[in-house]
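All remarks here apply to the structure that follows.
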């Protein structure tokens, strides 16, 4: 599990550099995002553009991160691939999260890679 957090004017962006968020990595994912989100930046924008598969455990992990951050910090999602977007749509979680087409900024100022 590799994540790359970076600061942007719009918040703390956490890019997830893994193809799958499933039962095998859900706990590791939650812990990595929790550690990365300990820095400043509101909201936290989770860049899922590299994630092509998300199962119910992965969805549960994303929801757990949202609950961990709330109410002080909002969790936004960005760059959902079609299959991941479909999971959010079918479960109606797309009505719970703010979802952006793309994550703001880029990798010009990565803070550190967690893995």
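Odds and ends about this structure:
- Filtered by the rule that a residue be under 17 Å from residue 8 (Cβ atoms), surrounded by fewer than 16 Cβ atoms within 10 Å (Cβ to Cβ) and over 13 Å from the mean Cα position of the chain (by Cα), segment 73-100 gives no residues.
- Among the candidates 80, 68, residue that is in a loop (DSSP other than H, G, I, E, B) and closer than 24 Å to residue 27 by Cβ: 80
- When segment 21-61 is filtered for residues that are in a helix (DSSP H, G or I) and touching a helix residue (DSSP H, G or I) at 6+ places or on another chain (Cβ under 7 Å), the ones remaining, listed by number, are 26, 29, 30, 33, 34, 57, 58, 59, 60, 61.
- Within segment 88-115, the set of residues being at pLDDT below 95 and more than 16 Å from residue 46 (Cβ to Cβ) comprises 108, 109, 112, 115.
- Meets criteria (within 16 Å of residue 3 (Cβ to Cβ) and at pLDDT 95 or above) for residue 85: no
The values are calculated or read from the model by the stated rules, or taken from the named source; none is laboratory data. Quantities reported herein were computed from a predicted structural model and do not represent experimental measurements. FYI the Cβ positions are ideal-geometry reconstructions off the backbone, even for glycines, and counts take in every protein chain you see.
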